[in-house]
1. Could you pull out every one of the aspartates and glutamates with an alpha carbon less than 17 Å from that of LYS88, ignoring same-chain neighbours closer than 8 positions?
2. Within the accessible area of region 43-144, what % is carbon and sulfur when the probe is 1.4 Å and the other protein chains stay in place?
3. Full-extension gain between SER78 and ASP143, please, as 0.36 nm times their residue separation minus the C-alpha to C-alpha distance.
4. What is the packing order of peptides 163-175, 74-86, taking the mean over residues of other C-beta atoms within 10 Å and listing the highest first?
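The values are calculated or read from the model by the stated rules, or taken from the named source; none is laboratory data. As the structure is a prediction and not an experimental result, all values here were calculated from the model. Cβ coordinates were reconstructed from backbone atoms using ideal geometry, including for glycine residues, and neighbour counts include every protein chain displayed. Remember, those area values only see protein heavy atoms, side chains included, never the ligands or the DNA or RNA. Shrake-Rupley method; radii C 1.70, N 1.55, O 1.52, S 1.80 Å.
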Amino acid sequence: MSLLSAGCSSEQGTPRSSSPRPTSSASSSAPAATPSSPSAPAQPSKYTQTQLASRPCDALDERDLAALGISGRGTQESGKHGPTCHWKLAGQNVSIALDLPLSYAKTMTKNGQVTQVPVGQHKAIQAEFQGICFIFVAVDDVDRLVGTTTIPEPGEPQDKTCPVGASIAATALTHIR
């Protein structure tokens, strides 16, 4: 688990901003405004990790869903560590949670095949255990992790399990400011 503490909290090639997080206010709950012009690609809405943790299905917008080939907004459910959002992609059941404690990551990676992998601009810990893939990424705080769990449908190849979870995580991370 020392890989998680040491490796997944740093971004690859991008210096970390030392500015503090903005405090919660009415203006911080709205997505950042982006100029709309036909020639410029639309920028993803940005939220704090705390905002997305309470609304995990907002971690993928309509453009993300279309690009990933997911139909539907996802299903939000309550879990032991807060809300999660579930999607089905390429025969894989993927869920994301945006505020998982390090203790949960340690438990889920304990008996798995653990590797460090790139997820977007971040380093992540990936653990495969009995056909299930767990991916954990620290954005700003190693004690508050973004995590995906990917479980293949019966009969689906397991070689797609971790890449599908990583693609969901990488896309969701583009929405965290």
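1. Straight-line reach from LYS88, under 17 Å: ASP58, ASP61, GLU62, ASP64, GLU77, GLU153, GLU156, ASP159.
2. 49 percent
3. My answer for the length gained is 21.4 nm.
4. 163-175, 74-86
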